[in-house]
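Inspection log for the structure reproduced underneath, given as structure tokens.
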Amino acid sequence: MAQTRIAVIVGSLRRDSFNRKLADALPSLAPAGFEFVQLRIDDLPLYNQDDDANQADSVKRLKSEVKAADGLIFVTPEYNRSMPGVLKNALDNASRPYGQSAWAGKPAGVLGVSVGALGTALAQQHLRNVLAYLDVPTLGQPEVFIQHKEGVFDESGKLSESTRKFLQTWMDAYLGFVKRHG
Ligand SMILES: Cc1cc2nc3c(=O)[nH]c(=O)nc-3n(C[C@H](O)[C@H](O)[C@H](O)COP(=O)(O)O)c2cc1C
């Protein structure tokens, strides 16, 4: 039976990114029948409209990976109360040329961990605004705003049991959302 393919986009390029650790744990929360693929965004050019007619190979790759996905998960930190520029750059690159966006119609989930008390709430809100314009439906509830502090990850850097339990509820809701859009 065909696998349901979920493309995961991490909004941090940091080597020891908490958000990447969160993204790495996602497959273990899903039942059989789903595959998770992390999409690379660190080799994309800074978006330049002059390149629309001649997009870089990395942009073409991202667009084809997004198109091949049944669902999307964005896992992002908050930078200066918004999403990081690298994530906005990926969204812009794969949204163009006008009329040829790769994003439209893909059901998406939004997750994030940051050190601040708001746990990426404002970054997620900005991201949801952009996704709404790109015609990407997003799961509304439950919301996941994680503040990075003791107890979120265990000593080995894996999700702690309480974080896993919390995220399991989210994953069950998200996969149901993807199936409803299938
Ligand atoms: C440029 C910059 C801006 C930041 N702004 C915020 C912010 O607005 N809110 C917040 O909670 N954390 C902020 N942080 C701290 C991040 O939450 C922290 O660096 C986190 O580890 C980033 O996620 P990562 O571990 O996945 O890279 C900022 C960090 C950087 C480098």
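Considering the range 117-147 alone, what residues qualify as being in a loop (DSSP other than H, G, I, E, B), within 16 Å of the ligand (Cβ to nearest atom) and farther than 24 Å from N89 by Cβ?
Matches in the range 117-147: A117, E143.
For the range 152-174, which residues satisfy the criterion of being small (G, A, S) and without any contact (Cβ under 8 Å) to a residue 24 or more places away in the chain?
S156, S160, S162
Residues being closer than 17 Å to Q38 by Cα and either surrounded by fewer than 19 Cβ atoms within 10 Å (Cβ to Cβ) or hydrophobic (A, V, I, L, M, F, W, C) (or both): count how many of those fall in the range 62-93.
Residues that pass the stated criteria total 18.
I need the helices (runs of 4 or more DSSP H) fully contained in the range 6-105, keeping only those with at least 2 residues that are within 16 Å of the ligand (Cβ to nearest atom) and over 24 Å from G157 (Cα atoms).
Values: elements: 18-25, 57-68, 85-93.
It comes to 85-93.
Read-outs throughout are calculated quantities, based only on the coordinates presented, and are distinct from any laboratory measurement. Just so it is clear, the model here is predicted, and its values are computed rather than measured. Note that we place each Cβ from the backbone using ideal geometry, even for glycine, and neighbour counts take in every protein chain shown.
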